[in-house]
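The values are calculated or read from the model by the stated rules, or taken from the named source; none is laboratory data. Just so it is clear, the structure is predicted and the values come from calculations on it, not from any experiment. With ideal geometry, Cβ positions are generated from the backbone for all residues, glycine too; neighbour counts draw on all protein chains shown.
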Amino acid sequence: MTLPTPGEKGSTAMSRSLRTTLLSITLIAGLAACGSVKDDDSGSSTDAAKAEGSSSAAFPVTIKHKFGNTKISSAPKRVLVIGNGGTDDIDALYALGVTPIAVSKDTFASDGVYPWLKGKLDTKKTKLLDTVNGVDFEEVAALQPDLILATSDFTLDKDYKKLSAVAPTIGYETAWGQQTWQQHVEVVGKAVGKETQAEQVVKDTEAAVAKVKAAHPGLDGKTYSLSIGNTPAKIYTIASEEDFAAKLMSELGLGLTPSIKNIKTVSGSPTGELSFEQLDKLDADLVVIAFTTKDLQKAFESSTLVKNMSALKKDNYFVTDVETISQLRSPSALGIPWALNNLEPGFAKLDK
């Protein structure tokens, strides 16, 4: 299976692909003219979609993005999220106390709800949209949104015109995947009239990362590798410190193991590709990996090169799940603490 080319959030192309191509996992995602779009303020308020606490003084507001300038005249009441490539917009809304009327669903979860949003996303109030094979524009229009957030949608180049014909639509700033999770929160906060609250969300999430670092002093100065096995005889791994996951890990004091920094990458992305003859390059103070099947895990662990890794001999080998890797590569405000919590047992290995 192949990886998408990441020109966008170069560091997250692998994880974005996770949510849109199902088991083609990576460790690695014309009705109106582009430009200004006309606001549609006809949507009525419902219990399922309140822009709670939005400041009316914040409007009108204009948000500039790749596809033009989107003007929002008043606090949106029916916010819909199209996210073929991440949950930044969804997370930001829930963190800000705004309930969207509909969001793209998690294709890996049986109930369609991203695991870090369990208990927050109520499917009785928020419709789950199946957008993995394309957006159903009639379905979107029928929901009568007054704002569409699509800053994480990597299919937006072809979808924007039709979406913006339904309601004011906000896209990514310059290219898909280049915005940080903090920038996503800031944009959503501005769009729903909660810029001050958005600043606090960013501070809270950054504090959660700092708390993990403080709890695990053994991480400081140590090396790691972060990979996924989703196809026979091949492993995909982070191969650049520019990857968003690598940047997040660096905040904990961890650095990529040097042996993978110059390996073959996929389509110029920060995703490294290793054959089973190169598995020893993954060795580090902490080896973290996820597999899509038990058979792939068994094949990996049966390799003599793997068995001889110092990480395995020291029991510094940690198997996590695909969603955790995905969240690390495409971090979002509410997902970051969830993912880091999942890695706690691995981090604890370096505190010995």
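See the values below:
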{"quantity": "From the options A299, A348, A339, residue that is surrounded by 20 or more Cβ atoms within 10 Å (Cβ to Cβ), out of contact with any Cys (no Cβ under 9 Å at 6 or more places or on another chain) and of a type in the set (A, V, I, L, M, F, W, C)", "calculated": "A339"}
{"quantity": "Matching option when the condition is of a type in the set (D, E) and modelled with pLDDT under 95, among D157, D204", "calculated": "D157"}
{"quantity": "Output for region 319-333, where each listed residue is surrounded by fewer than 24 Cβ atoms within 10 Å (Cβ to Cβ) and either in contact with a Leu (Cβ under 6 Å, 6 or more places away or on another chain) or part of a loop (DSSP other than H, G, I, E, B) (or both)", "calculated": "D321"}
{"quantity": "Residue match in region 94-101 (condition: assigned by TED's automatic domain parsing to the domain that holds W176 and surrounded by fewer than 17 Cβ atoms within 10 Å (Cβ to Cβ))", "calculated": "yes"}
{"quantity": "Filter result for the condition that a residue is within 20 Å of V81 (Cβ to Cβ) and surrounded by fewer than 21 Cβ atoms within 10 Å (Cβ to Cβ), over E139, E199", "calculated": "E139"}
{"quantity": "Tally, over region 111-132, of residues that are among the polar types (S, T, N, Q) and either in a strand (DSSP E or B) or within 17 Å of the chain's Cα centre (by Cα) (or both)", "calculated": "1"}
{"quantity": "Any hit, region 167-188, residues being at pLDDT 95 or above, over 19 Å from the mean Cα position of the chain (by Cα) and closer than 21 Å to N316 by Cβ", "calculated": "no"}
{"quantity": "Selected residue (only one of L343, L312, L350 is modelled with pLDDT of 95 or more and under 30 Å from V187 (Cβ atoms))", "calculated": "L343"}
{"quantity": "In region 63-78, the residues that are of a type in the set (G, A, S) and either crowded, with 16+ Cβ neighbours inside 10 Å or within 18 Å of S152 (Cβ to Cβ) (or both)", "calculated": "G68, S74, A75"}
